[in-house]
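Below is one structure, written out as structure tokens, with a few remarks after it.
Rule-based calculations on the coordinates, nothing more; no lab input. Just so you know, these numbers come straight off a predicted model, no measurement behind them. A quick note on method: Cβ atoms are made from the backbone with ideal geometry, for glycine too, and the neighbour counts reach across all protein chains shown.
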Amino acid sequence: MAIEDDVLVIGGGLAGATAALAAAEQDVQVRLITHKQSTLRHASGLIDVLGYTPEGDGPLVDPFDALADLPDGHPYERVGAEAVREALSFFDDVAGEAYAGAHTDANALVPTHGGTVKPTARYPASTAAGLASDDRDALLVGFETLPDFEAPLAGAHLEAAGVPFSARGVTLSFPGIVRDDAKVTRYAHLLDQNESVSTGAGETGAREALAAAVEAHLEDESRVGFPAILGDDHAAEVRADLADALGVDVFEVPMGPPSLPGLRLEDLLYEALEDAGVRVTSGVPVVEYETGADGDRIDHVVVDRTGSKLPHRADQYVLATGGLVGKGVRSERERVYEPLFDCHVPHAADRYDWFVDDVFGDQPYARFGLRVDRELRPLTADDEPEFSNLRAAGAVLSGYDFAAEKSGGGVSLATGYVAGTRAGEEGGE
Amino acid sequence: MRAADAGEFMSDAEHPTDDGVSSDDEFEPIQVFPEAEEMDLRPGADNCYKCSTCDTNCPVAEVDDEFPGPKFQGPEQWRLKRQDDHDIDDSVMKCSNCMRCDSACPSEVPLSQMHNTARGEYVDEHMNTLSREYIRNRILANYRRLAPLAAAFPRTANFVMGLSVTQWLGEKTLGITGEREFPEFATETFREWWTKRGGNATSKQRAQEARAERGGATDEAKRIAYFHGCYSNYNTPEVAKALVRVYEHFGYEVMVPEQSCSGTPMFANGMLEDARRAAETNVRELAAALEEGADIIASCSSCSMSIRQEYPELFDFEGTDDVAANTWDAVEYLRVHEDLEGELEGTSLEDESFAYHAPCHSRNQGLDGQTIEVLGAIDGIDAHDVGDSCSGISGTYGWKEENYETSMKIGEEMFEHMDDAPAETGLTECPTCSMQMEHGTGYEIKHTLEIIAAALVGTDLETDHDHQQAR
């Protein structure tokens, strides 16, 4: 017999987790199945809504002003501006004090590890003291063994971008790290556990040793920015200890993958899933599905366990398997396709029309994905819902270029929230 | 992420580059390389786009920055050793084979397969077979060969193993840490109990009785072949007995085929030849059981992991894939083939709380949430998941003197969470995780099947003729 739930969410990233949480609000039994760990580990941890228009205008001061002008088929146009607001407020309740930015509609400007400034709607509390709109001078601290953050370069880049403060960068050696390519989790673990490290002054806790190393370089700056490696499980405590020792505010600069703010967001969401009673199955792919007699509804899906087939049945399904990176959309020489339900993915017949030569140009492939109705049901080429009990959310959707628009987090939240809520409402009937 | 998109999209290893070929021309791909006769890991290596997600999952790299992490051990080392001037790096022996990197990789790189082959090659080509480390590893990997001796004289063995002088000797002469206490050997192995009980014939009769009582067809063939593994045979036969009672309760005839070690400790120590011999026996015996209409059931998460994933990745005996595809975790099988949760609804046990740790090898099989879900149906049982950290022992890994400290550092998070959970008893499906949980907290540790057996057929093990009671 199949393992049964009311709502089954396939995919464990921001969209899938949000969909599962939203469905669970409707008092139904929800399961989330994720093949691999979510791509939140690749994510900056920032929750953006819209930083630039599809035409490239921006950075936008107020993303909500621009929502009404988005083209037909854009995920925000599908769900409507009100749903975007509801989804953000849903996220704010889940995230609590771990995130900031809810006090205003306006985008915050967060400095990144490259020294650029990213417009975003919500940001981790750890980056709050680093905002580019703040006019306090900042010292940026990088580490010799962590080439992903070149502090002097990032500082110079920020100043060149016209931030209203001076940003000075220094590069230090990280107390307790000997290996050139130590993992970001190693830095975080050292600080989390405040492991004992050897310095010129003898054995001391990693947090004190780091503060002492930085203090020697601090001039009159009133805030210090570190790459985002300041702890994992006990990040707030690590930051507070460093701030106390230095007597200034401490903030993190979001980094590229793998990213601790992304990991922390993942932990936060999965704890919320556990609290909400959502059942999580990870490490195994959903590979097939069966429809009911009429062919209109998905009856059950099949999980592959190294050859064994495990049926999972639910009343409602949400597909949140990601885009080209998450492998929710795949391609081969002749076609672009959605591998699980084979939902229609509109694309040019000639593969040379899938891309343009300018790498950072307007790439058609960036918008590949599923077309959906306003209920977020994937549509066939003839504009009919593929299945009456399937909805899609997040990067598997077409009609937007999240990297160019800076809209990835917001689209995942808004469509996950709407798909999950609707699935929960119908799954409970 | 845009650049990553482009890279992923354009350089997929399955698609040769065809720059310069006009889109109007008919393009016929040709086979450039001969069919590989040996295991070809190139497509796997080429799939790595260096996101480093695997590295953030590695429990060893998190506490030991001398370990270069799974991305290096897998695709990077594989590429390096294509060159004549690079040998396998000895750091591969620091990998604990938890296999977490497998479920981390978003790009289908077969990391644990690469680690297993690299480790095997390192041991074959670079390890001195007279060295203390090799001899120690061989002994640890082949625990099953020593266990029958200890099991024949369990009281003596337990006494000798418990002596501090034995532990001291173990550390000084072999490099087996003196910090741990050797697991106790049972005074009666599972197989001894099974034979005494009347073997398959008794099970067949009990299963028929149970089917009659449940109102099913008595001649319906419901049959499983139990892969008990070494630990539940020699050390925790109560787990194996619980499995037998639970399956007979549902009307299954249990067969206990001849079997060798699953190979897990051999893979972890790079003893691939030993693993091959063990796997050959197991595949042969289990394939024969399949012929007789049985599905294969394991109670140890590493045994099922090994048969399901490592066998097909590393060996190609006749029937390997068939055996892998028909091997199940004991609880999972009942969820799919019976209404386990329905059967457990309404059962009750005396109030007890458990701190549950999902072993890495369960996680990799998609079983991490299962125990909490299933036990939730039993009144009085309260199981708390202690989170996704690794226990740190990883089979024989934490037994080695040089790994003991790393192993305990990794386990720290699990110990903390067990301590925070409102429970004084631990629960898990992996024998060595269970050792580590006990070592770090002093708790008694149980196996999920023991709780299910208690709920379904009671705890009075000697009078299990009454196996239909208790509901």
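For the range B:41-126, the alpha carbon positions stretch 30, 29, 17 Å along the principal axes, listed from largest to smallest. Rounded to 0.05, the FRET efficiency of the B:Glu192 and B:Thr459 pair, given R0 = 30 Å and the Cβ-Cβ distance, is 0.90.
Among the cysteines of the protein assembly as shown, those whose beta-carbon sits 4.7 Å or more from every other cysteine beta-carbon are A:Cys343, B:Cys48, B:Cys51, B:Cys58, B:Cys95, B:Cys105, B:Cys230, B:Cys261, B:Cys390. When the Cα convex hull of the protein assembly as shown is projected onto planes of every orientation, the mean area is 39.0 nm². Are any of the pairs A:Lys36/B:Lys400; A:Lys183/B:Lys409; B:Lys196/B:Lys446; A:Lys36/B:Lys446; B:Lys94/B:Lys446 more than 21 Å apart by Cα-Cα distance, and if so, which? Exceeds cut-off: A:Lys36/B:Lys400; B:Lys196/B:Lys446; A:Lys36/B:Lys446; B:Lys94/B:Lys446. With no solvent and one equal point scatterer placed on each C-alpha of chain A, evaluate the Debye formula and give log10 I(q)/I(0) for q = 0.06, 0.13, 0.14 Å⁻¹, two decimals. Debye output, listed in q order: -0.27, -1.11, -1.23. Between B:Glu28 and B:Thr166, the contour length at 0.36 nm per residue exceeds the alpha carbon distance by 42.9 nm.
The phi-based Karplus calculation (6.51 cos²θ - 1.76 cosθ + 1.60; θ = phi - 60°) puts the 3J(HN,Hα) values of the range B:206-212 at 4, 5, 4, 4, 5, 5, 4 Hz, whole numbers, x for Gly and Pro. With the convex hull drawn over the C-alpha atoms of chain B, the volume per residue is 183 Å³.
Rounded to the nearest 500 deg cm²/dmol, what is the calculated helix-only ellipticity per residue at 222 nm for the protein assembly as shown, with -39500 (n - 2.57) per DSSP H run of length n ≥ 4?
-10500 deg cm²/dmol
For chain B, relative contact order (Cα pairs under 8 Å, six or more residues apart, normalised by length) works out to 13 percent. Rounded to whole Å, give me the distance from the Cα center of the range A:341-373 to that of the range B:185-243. First find each Cα centre; the distance between them is then 57 Å.
Cβ crowding within 10 Å ranks B:Trp194, A:Trp354 as A:Trp354, B:Trp194, fewest other Cβ atoms first. By the beta-carbon count within 10 Å of each Cβ, the least crowded to most crowded order of B:Asp274, B:Asp102, fewest first, is B:Asp274, B:Asp102.
Remark: A:Tyr270, A:Tyr317 ranked as A:Tyr270, A:Tyr317, counting other beta-carbon atoms within 10 Å and listing the fewest first. Backbone amide hydrogens, once placed in the peptide plane, bring A:Val318 within less than 5 Å of A:Leu8, A:Val9, A:Ile10, A:Arg391, excluding anything fewer than 5 places away on its chain.
Spin-label pair B:Asp382-A:Glu332: with each label point 7 Å from Cα along the Cα-Cβ axis, the two points sit 5.3 nm from one another.
Which shape class, rounded, prolate or oblate, goes with the range B:86-223 when its Cα gyration tensor gives a ≥ b ≥ c as root eigenvalues, a/c under 1.5 marks rounded, and past that a/b bigger than b/c marks prolate? Judged from the Cα gyration tensor, the range B:86-223 comes out oblate (a/c at least 1.5, b/c at or above a/b). Full extension of the chain between A:Asp244 and A:Asp57 yields a length gain of 63.2 nm, computed as 0.36 nm times the residue separation minus the alpha carbon distance. Backbone geometry of the range A:6-12 corresponds, through the Karplus equation with coefficients 6.51, -1.76 and 1.60 at θ = phi - 60°, to 3J(HN,Hα) couplings of 7, 10, 10, 9, 9, x, x Hz, x marking Gly and Pro. Mean sequence separation of contacting Cα pairs (under 8 Å, at least six apart), scaled by the length of chain A, corresponds to a relative contact order of 27 percent. Calculated FRET efficiency, B:Arg276 to A:Asp181, Cβ-Cβ distance, R0 = 45 Å: about 0.85 to the nearest 0.05. Shielding of peptide A:181-194 by partners, expressed as the average count of other chain Cβ atoms within 10 Å per residue Cβ, is 6.
Between A:Asp373 and B:Arg155, the modelled labels are 7.7 nm apart [label points 7 Å from Cα along Cα→Cβ]. Mean separation of Cα pairs under 8 Å and 6 or more residues apart, divided by the residue count, gives the range A:113-253 a relative contact order of 28 percent.
Using the scaling law 2.2 N^0.38 Å as the reference, what is the normalised Cα Rg of the range B:190-338?
1.03
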